[in-house]
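Chemist: Below is the structure I would like to discuss, written out as structure tokens.
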Amino acid sequence: SDLVNNPNTASGKTDQGSLPVIQFEETEHDFGRIIEGETVSFSFNFKNTGKSDLILAEVTSSCGCTVPSYPKTPIRPGESGTVKVAFNSNGRRGYQSKSIVVASNTQPNTTVIRIKAQVVNPGSEK
């Protein structure tokens, strides 16, 4: 966690120009209608558009049914990476919306990505 620091100071002056910047291709994905019990996944692609190495310190989800995986090595300026999110719909019904928080050494130091789905009974979809 020492790698994820907040460069803001009491004076309000920051050196934002040398920081990494995480830029996701998209920050929300809708799986649409899925059948209860299915496990679906989506890869959120991102690029470091900043001027120093991007480090993802932690990626957490709002629910145990949603499991993220992410690169543990630094992403160099100009390089890309992926946060893969798997959603297990077992025991879930109706509209589902899950948040995934990506903590990194950017400013601000968290980015929220989301998945959503409409989970239906196995017998109701043909």
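Every number here is computed from the coordinates shown, using simple stated rules; none is lab data. In this text the structure is predicted, and so the values were computed from the model without any measurement. Glycine also receives a Cβ, built like all others from the backbone with ideal geometry; neighbour counts cover every protein chain displayed.
Chemist: Quick check on my filter: what residues within the range 79-123 are polar (S, T, N, Q), under 13 Å from the mean Cα position of the chain (by Cα) and farther than 15 Å from F31 by Cα?
Modeler: T82, S104, N109, T110, T111
Chemist: Turning to a different aspect of this structure: How many of the residues in the range 53-85 are touching a residue at least 24 places away in the same chain (Cβ under 8 Å) and buried (at least 16 other Cβ atoms within 10 Å of the Cβ)?
Modeler: So the count comes out to 14.
Chemist: Turning to a different aspect of this structure: For the range 87-119, give me each residue that is among the hydrophobic types (A, V, I, L, M, F, W, C) and crowded, with 16+ Cβ neighbours inside 10 Å.
Modeler: Selection gives F87, I100, V102, A103, I113, I115, A117, V119.
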